[in-house]
Amino acid sequence: MGLRMVRRGAVVALTVAVALPGAVLAGDSAKPASTAKPTGAQIARGRYLVTVGNCNDCHTQGFAPRDGDVPESEWLKGGSLGFNGPWGTTYASNLRSTVSNMTEAQWVPFAKSLKTRPPMPWFNLNRWTDQDLRALYQYIKSLGPAGNRAPTFVPPDKQAPPPYIQRPAPPK
């Protein structure tokens with residue numbers, strides 16, 4: 001076998017190694033997102049994103065004051081601690097409840113177009129990849145029943161019941 005044949009074989013092998021994963025991913029995206037059974041890796045990725053995205057700090061009752069020592073069975077159920085500022089008083093939503101009312105195919109565009117009040121960094125969530133948003137969705141769904149809804153928004157002209165964190169107005 002000549003050197004030219006070995007090189008050609010190496011080029012073909014490299015092409016297949018590079019193109020095949022892309023073809024598999026492209027094939028996955030052609031399927032409706034919510035029909036595929038979530039994989040352990042996808043759920044682990046979602047858990048990782050919740051952790052590094054600091055979602056629990058607000059969306060899990062008592063997470064930050066307890067240094068994260070909250071059972072995973074209680075994660076992402078929202079909270080009764082309000083965040084008060086010029087916008088009114090907001091509460092971290094129960095993400096389990098949110099995703100329980102939509103499919104994965106509905107969740108991805110919802111998360112990409114979300115615009116909400118402080119302190120939620122919606123502008124960061126809007127930039128997540130579809131793949132990461134699907135992993136987040138599947139992880140949240142894996143946590144179990146939704147639980148109770150978080151308190152509703154209180155407009156700025158109304159007094160919110162405690163507890164809440166008073167936030168200053170942003171600089172002008």
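The numbers here are math on the coordinates, done by the rules we state, and not lab data. As the structure is a computational prediction, the values presented were derived from the model and not from experiment. Cβ atoms come from the backbone with ideal geometry, glycine included; neighbour counts cover every protein chain shown.
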- Query: Peptides 64-71, 143-150: what's the order by average Cβ count within 10 Å, highest mean first?
  - Reply: 143-150, 64-71
- Message: Assuming 0.36 nm per residue, please report the length gained on full extension of the stretch Asn148 to Lys112 beyond their Cα-Cα distance.
- Response: 10.5 nm
- Can you tell me how much longer the chain between Thr103 and Asp157 gets when fully stretched, taken as 0.36 nm per residue apart minus their C-alpha distance, in nm with one decimal? 15.9 nm
- Final fewest-first order of Lys141, Lys77, Lys37, Lys172 on the 10 Å Cβ neighbour count is Lys172, Lys37, Lys141, Lys77
- Note on the structure: Rounded to the nearest 0.05, FRET efficiency between Lys37 and Gln166 (Cβ-Cβ, R0 41 Å) equals 0.35
- Note on the structure: As a Kirkwood estimate from alpha-carbon pairs, region 60-154 has a hydrodynamic radius in angstrom of 14.1 Å
- Item | Where chymotrypsin sites (Phe, Trp or Tyr not before Pro) fall in DSSP loop in region 65-115, at most 15 other Cβ within 10 Å | none
- Item | Cα centroid separation - region 115-172 against region 36-111, whole Å | 8 Å
- Task: State, to one decimal in nm, how far the label point of Asp69 lies from the label point of Gln131, with both points 7 Å from Cα in the Cβ direction.
- Result: 3.7 nm
